[in-house]
Amino acid sequence: MRNTLATQLIFDLSQPGRRGAVYPSSDVPDRPLDDLIPASRRAASAPALPELTEPEVIRHFVNLSTKNMSVDTHFYPLGSCTMKYNPKRHERLAGLQGIVDLHPYQSVEHSQGMLEILYTMQQMLAEIAGLPAVSLQPAAGAQGEFTALLTASAYFRDLGETRTRVLFPNSAHGTNPASAALAGFECVQLKSTAQGFIDLDELRAALDHRTAVFMVTNPNTLGMFERDIPQVAKMVHDAGGLVYIDGANMNAICGVTRPGDFGGDMMHYNVHKTFTGPHGAGGPGSGPIAVRDFLGDYLPGPIVVRNELPADGAKGAPVKFRYDLMMPSKSIGRVRSFFGNVGILVRGYCYLRTLGAAGVRGMSENAVLNANYLLAKLKDVLPVPQGDRCMHEFVASAKPIKDERGISAMDIAKRLLDYGFHAPTVYFPLVVPEAIMIEPTETESRETLDAFADAIRKILAEDPAYLHEAPHQTPVSRPDEVRAARTPVLKWEKAT
Amino acid sequence: MAYLYNTPQQQREMLQTIGVDSIDELFDQIPAGLRLGRPLDLPPALTEIELESHLRELGAKNGSPLQRVCFLGGGSYDHFIPAAVDAIASRSEFYTAYTPYQAEASQGTLQAFFEYQSLICQLTGMDVSNASLYEGGTAVSEAVFMAMRATDRHGKVVLLGSVHPEYREVCETYLRQINCELVVVPTPEGVADVAAVRKAVDDQTACLVIQQPNFFGCLEQTQELVAAAHAVGALAVVSFDPISLGLLSRPGEYGADIAVAEGQSLGTPMQYGGPYLGILTCRQEFVRKMPGRLIGETVDRAGRRCYVLNLQAREQHIRREKATSNICTNQGLMALRATVYLSLLGPAGLREAAELCTRKAHYAADRLTSVSGIELAFRAPFFKEFTLRCRHGADRVVAQAGAAGFDLGPGLARFRRAGLDAANEYLVVAVTEKRTRAEIDALVAALR
Ligand SMILES: Cc1ncc(COP(=O)(O)O)c(C=O)c1O
């Protein structure tokens with residue numbers, strides 16, 4: 001049933017003379033191009049792009065799309081990524097006139113509606129974090145980390161302190177060390193306890209006057225809440241450092257506990273995870289940060305501020321506000337051009353406005369319920385070193401199964417595709433051998449979770465040799481990655 | 001409650017299976033003292049009907065190009081977006097998927113991004129493109145870091161004063177921590193003075209950052225500038241306007257080592273500044289120094305052509321603090337939009353769009369400068385944008401145009417880093433292929 005003709009490379013579909021877009025002819029007085037732009041600045045010919053009609057382009061990409069798994073088509077329990085349902089209303093509302101087509105340099109007078117959305121978003125994110133100052137600039141979680149670390153450096157610089165180190169547990173996501181290095185810090189990785197928690201002795205030994213920031217994901221990347229976090233925060237603070245909370249796992253705790261209340265000084269959100277920015281085949285995201293008040297002046301801007309307008313006379317008339325853009329007084333500067341990934345922030349806004357306080361808490365409660373249910377359904381066949389409770393996700397280890405029968409986490413992940421399920425995250429976190437990280441999210445039914453658990457049981461009973469060759473039913477089988485890396489082919493080239 | 005599927009009955013059964021009495025018990029791991037203990041203070045929940053009217057009301061308070069005429073530029077533009085771009089970008093299979101870690105279940109995404117990389121190489125004449133960065137400003141910063149790695153020069157970067165002031169601010173932010181000197185060559189004439197640039201670069205310089213067309217709209221002498229960088233062993237980093245390449249020489253032709261761009265023009269709506277598309281391309285020899293994801297072609301076990309995430313040893317999930325960048329989530333959907341956009345336009349469409357921008361911008365410049373007190377700020381040739389000098393203040397011109405429904409700008413006074421004296425007299429104007437002669441004439445009439 002596959003249309004293999006349409007899914008050739010777009011370059012193979014090209015025919016000279018075809019086109020998919022036609023522009024009106026010029027309506028301004030004709031002048032020789034040479035008078036407008038000297039020939040020396042122009043290219044001899046237009047770029048050699050492919051030539052296609054609109055229906056061909058549509059058929060090509062629609063057919064390509066059917067080679068994907070996605071949240072709308074499949075259960076997608078990709079741990080740490082919170083692949084929840086993306087409400088369709090968000091697409092319509094983020095596409096409204098005045099929102100989707102608003103220029104970033106539109107005057108403040110003609111952006112009041114947008115600024116109100118963004119201001120309210122700042123307020124809501126501050127409340128959920130328990131941290132009062134918010135910058136919506138960062139484009140994704142990783143940029144949020146980087147931005148917060150720069151904010152921390154600016155703060156220490158002002159205090160006259162030179163702090164050069166960022167600490168994080170070895171269960172940390174790769175972006176934590178990468179962001180710390182980019183921000184010019186020395187990275188210190190700490191061993192976790194056997195259960196995957198922060199090791200207080202390790203931490204104590206590593207903390208000193210060089211410590212700028214301790215970065216930790218909470219709930220951690222094993223899907224467990226770091227119980228000792230108040231003590232951890234106290235130790236870091238006593239050493240003069242700041243605590244950064246990687247908020248990738250906020251889906252577990254919204255409305256239940258807040259980073260600012262358990263000792264965090266700074267955090268990022270992944271709006272594309274917790275608050276349903278669609279993941280867009282890799283992005284875009286949005287990674288706002290929230291920080292304590294004493295760090296607020298260092299945040300990147302612009303930030304939206306609200307001023308009450310003088311009352312217009314009539315008694316009892318509703319208060320009117322004017323929204324403005326502001327650069328914090330000691331700002332580290334911009335971390336990107338323009339305001340932020342507004343299209344994703346608008347979707348997050350719509351989500352939070354749909355849920356309200358009870359809904360936001362219900363979201364986390366059900367995310368945790370679903371994860372614990374799936375854990376209960378699987379733990380007898382799939383070893384879960386952390387035990388039989390989790391927050392919104394859990395990490396199984398295929399190590400015993402691999403030792404005994406040769407079935408790896410990768411084999412299980414690949415075979416799940418045949419059963420019509422997207423694979424969980426595998427081989428992360430690094431502290432769990434043969435890790436299988438499962439995050440069902442709250443937007444899945446028990447029936448789906450049961451079916452997924454059944455599939456895993458069936459897979460584990462299959463012939464290992466068959467599993468090594470999985471998947472068997474996808475459009476292609478396992479790609480030769482060694483060949484891809486040895487002789488990289490990174491673009492199409494015309495056959496000569 | 002919104003978006004929850006399990007009925008109370010199912011929830012009870014699930015709790016039973018888990019072996020607890022209540023959902024609350026599941027949160028036992030969180031010490032009681034850390035619990036919030038009150039409802040979050042959030043605005044009340046809205047139904048879809050209520051939310052839609054709320055958003056419509058807010059949207060109506062903003063200026064949309066459907067009601068107002070957009071001559072705004074400075075890195076974000078009101079270009080035409082064919083409906084087919086939206087149709088593909090709203091395919092669930094694309095926009096609700098994530099990073100293609102499982103290649104077998106992501107061939108649609110992987111092939112589309114392989115096509116994206118190929119199209120961007122065709123567009124720029126460069127050897128390799130990655131699969132997207134956040135946006136134009138961070139793309140410049142990532143290019144600068146890449147140049148430092150490639151040249152092993154970490155102490156000095158030279159940037160032209162005509163580069164977008166926000167890109168420059170981003171660079172300053174990114175470089176501040178690492179003691180790298182950022183030297184800015186002033187461009188009071190609207191374009192760089194090549195002799196001044198030659199003096200500014202030296203054998204410690206990692207790269208020279210050029211923007212073409214530059215922030216003021218003017219065309220730089222890229223060939224000479226690139227040569228000046230190469231003469232001291234520095235790399236030439238060029239930030240280009242993708243639409244301009246329908247007409248202008250390509251970065252690959254004039255010797256750019258790393259070419260980056262804000263790709264918003266390629267089919268992504270303006271949406272108040274993001275999400276946009278950071279384009280990053282380079283010459284072949286720097287491929288292993290690149291930030292971000294790269295898609296490569298290979299074969300599967302049956303020998304069928306297929307696509308994978310390639311050269312991942314550069315990335316944070318493998319290399320951690322030694323990675324070439326911290327980027328993880330990128331701007332995939334915008335790269336997909338650009339792929340569809342370029343496939344639809346083809347060489348003829350892109351050329352037409354670029355030529356229309358050029359012709360209309362020049363007509364607009366002619367007409368606007370016929371208004372007394374308004375002149376072109378610079379003499380250099382330009383593409384779709386130009387800078388006006390308004391003797392009675394740019395604010396006045398913007399206000400007068402604004403009252404008649406025309407949006408002009410940005411005025412240079414809004415930038416800390418515009419680098420011109422009397423910045424409040426300068427104003428950037430952008431004219432895309434969507435603007436008509438009637439609109440331009442009406443704008444001019446409003447300013448008389
Ligand atoms: C635990 C954790 N931290 C940080 C990140 C980085 O976030 P982003 O991909 O939005 O940059 C991720 C997501 O990929 C994550 O799972």
Every listed condition ((1) under 22 Å from B:Ser76 (Cβ atoms); (2) at pLDDT 95 or above) holds for B:Arg396 save (1)
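Please count how many residues of the stretch A:198-231 are farther than 13 Å from A:Cys390 by Cα and either within 13 Å of chain B (Cβ to nearest Cβ) or more than 13 Å from the ligand (Cβ to nearest atom) (or both). Lay out the reasoning, then the answer.
Within the stretch A:198-231, the first condition is being farther than 13 Å from A:Cys390 by Cα, and the residues that meet it are A:198-217, A:228-231.
Now drop any that are not either within 13 Å of chain B (Cβ to nearest Cβ) or more than 13 Å from the ligand (Cβ to nearest atom) (or both), which leaves A:198-215, A:228-231.
Matching residues across the stretch A:198-231 total 22.
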Cβ-Cβ under 8 Å pairs, at least 6 apart or on other chains, the stretch A:128-145 side within 9 Å of chain B (Cβ to nearest Cβ), far side modelled with pLDDT under 95 and within 14 Å of the ligand (Cβ to nearest atom): A:Ala142/B:Gln316
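Looking only at the stretch B:270-291, count how many residues are surrounded by 24 or more Cβ atoms within 10 Å (Cβ to Cβ) and part of a loop (DSSP other than H, G, I, E, B).
Here is the first cut: in the stretch B:270-291, the ones surrounded by 24 or more Cβ atoms within 10 Å (Cβ to Cβ) are B:270-282, B:290-291.
Next, from what is left, pick out any that are part of a loop (DSSP other than H, G, I, E, B): B:270, B:274-277, B:290-291.
Count: 7.
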Among residues of the stretch A:178-197, those that are more than 13 Å from chain B (Cβ to nearest Cβ) and more than 15 Å from the ligand (Cβ to nearest atom), counted: 4
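Does the stretch A:3-31 hold any residues that are out of contact with any Pro (no Cβ under 6 Å at 6 or more places or on another chain) and among the aromatic types (Phe, Trp, Tyr), and which are they? Give the steps one after another, and end with the answer.
So in the stretch A:3-31, the residues out of contact with any Pro (no Cβ under 6 Å at 6 or more places or on another chain) come out as A:3-9, A:12-13, A:15-20, A:22-31.
Once the filter is applied, which keeps residues that are out of contact with any Pro (no Cβ under 6 Å at 6 or more places or on another chain) and among the aromatic types (Phe, Trp, Tyr), the stretch A:3-31 yields only A:Tyr23.
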Kindly evaluate B:Val197 against the criterion of being assigned to a helix (DSSP H, G or I) and either under 22 Å from B:Gly252 (Cα atoms) or in contact with a Leu (Cβ under 9 Å, 6 or more places away or on another chain) (or both). yes
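Would you point out the residue of the stretch A:253-274, among those that are within 12 Å of the ligand (Cβ to nearest atom) and hydrophobic (A, V, I, L, M, F, W, C), that is surrounded by the most Cβ atoms within 10 Å (Cβ to Cβ)? Steps first, please.
Taking the stretch A:253-274 first, the residues within 12 Å of the ligand (Cβ to nearest atom) are A:267-274.
Remaining after also requiring hydrophobic (A, V, I, L, M, F, W, C): A:267, A:271.
Working: A:Met267: 29, A:Val271: 33.
Only one residue tops the list, namely A:Val271.
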The stretch A:1-24: number of residues that are more than 35 Å from the chain's Cα centre (by Cα) and within 20 Å of B:Ala83 (Cα to Cα): 5
Within the stretch B:313-338, residues over 23 Å from the mean Cα position of the chain (by Cα), crowded, with 19+ Cβ neighbours inside 10 Å and at negative phi come out as B:Glu321
Tell me which strands (runs of 3 or more DSSP E) are completely within the stretch A:286-350 and hold 3 or more residues being within 16 Å of the ligand (Cβ to nearest atom) and surrounded by fewer than 16 Cβ atoms within 10 Å (Cβ to Cβ), or say none if there are none. none
Take the residues of the stretch B:309-363 that are of a type outside the set (S, T, N, Q) and in a loop (DSSP other than H, G, I, E, B): which is nearest to A:Pro177 (Cα to Cα)? B:Ala323
Among the residues of the stretch B:171-188, are any in contact with a Cys (Cβ under 9 Å, 6 or more places away or on another chain) and more than 14 Å from chain A (Cβ to nearest Cβ)? yes
So A:Gln122 clears everything in (1) within 8 Å of chain B (Cβ to nearest Cβ); (2) away from the ligand (no atom under 16 Å from the Cβ) except one condition, right? Which one? (1)
Among the residues that make up the stretch A:472-480, is at least one of them out of contact with any Leu (no Cβ under 7 Å at 6 or more places or on another chain), surrounded by fewer than 19 Cβ atoms within 10 Å (Cβ to Cβ) and among the β-branched types (Val, Ile, Thr)? no
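In the stretch A:9-18, is there at least one residue being part of a helix (DSSP H, G or I) and either buried (at least 20 other Cβ atoms within 10 Å of the Cβ) or more than 8 Å from every other protein chain (Cβ to nearest Cβ) (or both)?
Of all residues in the stretch A:9-18, those part of a helix (DSSP H, G or I) come to none.
No: the stretch A:9-18 contains no residue that is part of a helix (DSSP H, G or I) and either buried (at least 20 other Cβ atoms within 10 Å of the Cβ) or more than 8 Å from every other protein chain (Cβ to nearest Cβ) (or both).
The values are calculated or read from the model by the stated rules, or taken from the named source; none is laboratory data. What you see is a predicted model, and the numbers here were worked out from it, not measured in a lab. All Cβ positions, glycine included, derive from the backbone under ideal geometry; neighbour counts span all protein chains shown.
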